[in-house]
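Here the structure is laid out as structure tokens; the discussion comes afterwards.
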């Protein structure tokens, strides 16, 4: 049981909302709830895919994670010892091989191209010596890998393609989410000498970039999509970011309990927004 709990923590269930959000968007207003294709794809992007992405990252970030107070939780990932991490690749490979027949069956042979792209992007990001994860701002550009979930969902669910504007919105969303994680990890990353955008620029400038990205998202929703309900939800988040930077926390480090609270609140907000966006089809 402890082994299974460790493997589940590796996949970071507290961050599944990001991949679920990207997977659900192409299926907006579709009759997918009785579809085995949909449920298999949803399972894959929740555990196996996140297990691959975050597990690979855990293997190469052992030194940094050892100093990270928010690790060893279902919210933010496992804190494995040397033996666990040395053998983790075997579990990652096994899970992917077990899922591969189902992915091909439901998504067709083209899905192999997407899986190869996932592996290549994660490989470049996690290279031990010259990985893009430590070459800011290239680690932000690597977040485009998350957008591969969109064509994966389209193939599995036979869903319509999304517009370039919607893909741009999703890329901004992926960068924003990654930068928020860098802000939370700025202290342990700095102690181990790891270079990230947040470490290089500092907490204040990084928070300003996050605010600018969210402001761009709000502008897209209000101006391009004429979407005022979802836009107002995001505007509420933007107001919180401004209060956080200029009045509440400023550049102070968050405690672990505060990070967990923010994770709970952001997941709740994500759930509400996902339900609204799916049923309204406002970004389709």
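The values are calculated or read from the model by the stated rules, or taken from the named source; none is laboratory data. Here the structure is a predicted model, which is why all the values come from computation and not from measurement. Virtual Cβ from ideal backbone geometry, glycine too; neighbours counted across all protein chains shown.
Which members of segment 250-267 meet the condition of being surrounded by fewer than 17 Cβ atoms within 10 Å (Cβ to Cβ) and assigned to a loop (DSSP other than H, G, I, E, B)? The answer is 250, 251, 252, 253, 255.
Scanning segment 166-175 for residues that are surrounded by fewer than 21 Cβ atoms within 10 Å (Cβ to Cβ) and without any contact (Cβ under 8 Å) to a residue 60 or more places away in the chain turns up 167, 168, 171, 172.
Scanning segment 52-67 for any residue that is surrounded by fewer than 19 Cβ atoms within 10 Å (Cβ to Cβ), over 18 Å from the mean Cα position of the chain (by Cα) and without any contact (Cβ under 8 Å) to a residue 24 or more places away in the chain turns up at least one such residue. You will find that of 196, 206, the residue that is surrounded by 20 or more Cβ atoms within 10 Å (Cβ to Cβ), under 21 Å from the mean Cα position of the chain (by Cα), under 30 Å from residue 127 (Cβ atoms) and without any contact (Cβ under 8 Å) to a residue 40 or more places away in the chain is 206 and no other. From the list 38, 17, the one residue that fits, being over 22 Å from residue 105 (Cα atoms), in contact with a helix residue (DSSP H, G or I) (Cβ under 6 Å, 6 or more places away or on another chain) and either free of Cβ contacts under 8 Å to residues at least 40 places away in the same chain or surrounded by 17 or more Cβ atoms within 10 Å (Cβ to Cβ) (or both), is 17.
Residue 178 falls short on exactly one of the conditions (1) buried (at least 17 other Cβ atoms within 10 Å of the Cβ); (2) free of Cβ contacts under 8 Å to residues at least 24 places away in the same chain; (3) under 20 Å from the mean Cα position of the chain (by Cα), and that condition is (2). Of the numbered conditions (1) more than 25 Å from residue 145 (Cα to Cα); (2) outside any helix (DSSP H, G or I), residue 71 fails exactly one; give the number of that condition. Failing condition for residue 71: (1).
Can you name the helices (runs of 4 or more DSSP H) wholly within segment 147-223 that have at least 1 residues being modelled with pLDDT under 95, touching a helix residue (DSSP H, G or I) at 6+ places or on another chain (Cβ under 7 Å) and within 30 Å of residue 26 (Cα to Cα)?
Details: elements: 149-157, 164-184, 186-191, 197-201, 203-219.
Counting at least 1 such residues, we get 164-184.
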